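Structure, as structure tokens:
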Amino acid sequence: MKLIVAIVNNDDSAVVASALTREKFSVTKLSTTGGFLMVGNTTFLIGAEDKDVEHIKKIISDFSQTRKRVNTNTTASYGRGLANDVLPGDEVTVGGATVFVLSVDEMAKY
């Protein structure tokens, strides 16, 4: 059994969740913030059988897009913040998805 943790841009989260649930996968959504522009994300927690992992990753990949945005941040809210070479007004690529697949020793539903 695996736990898939997928961090998806808010712009894509509704279509990703819909596509996953349409395929009968159970999904838990968490609202998160992060990344280098400190934009809103959705983190999905998905428990899956080993045989379903590639299909789930394909769904997430198919419905998560990268897009260009103009950086408007002028201060770092968390951690190091923006890299020194990215200034306000610069165009940057955002979106897509980051996916972690973790092994699960045990899962129970009560």
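The table for this structure:
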| item | result |
| --- | --- |
| Within-12-Å neighbourhood charge of Phe63 [Cβ basis; K, R +1; D, E -1] | -1 |
| Per-residue ³J(HN,Hα) for segment 15-24, Karplus 6.51 cos²θ - 1.76 cosθ + 1.60, θ = phi - 60°, Hz, x for Gly and Pro | 6, 5, 4, 4, 5, 5, 6, 4, 8, 6 |
| Karplus-derived HN-Hα couplings along segment 95-106 (A = 6.51, B = -1.76, C = 1.60, θ = phi - 60°), whole Hz, x at Gly and Pro | x, x, 8, 10, 10, 10, 10, 10, 6, 10, 6, 7 |
| Most to least packed among 52-63, 6-17, 98-109, 21-32 [average Cβ atoms within 10 Å] | 6-17, 52-63, 21-32, 98-109 |
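Read-outs throughout are calculated quantities, based only on the coordinates presented, and are distinct from any laboratory measurement. Source: prediction; values computed, not measured. Quick reminder, even Gly has a Cβ in these numbers, built from the backbone with ideal geometry, and neighbours come from all protein chains shown.
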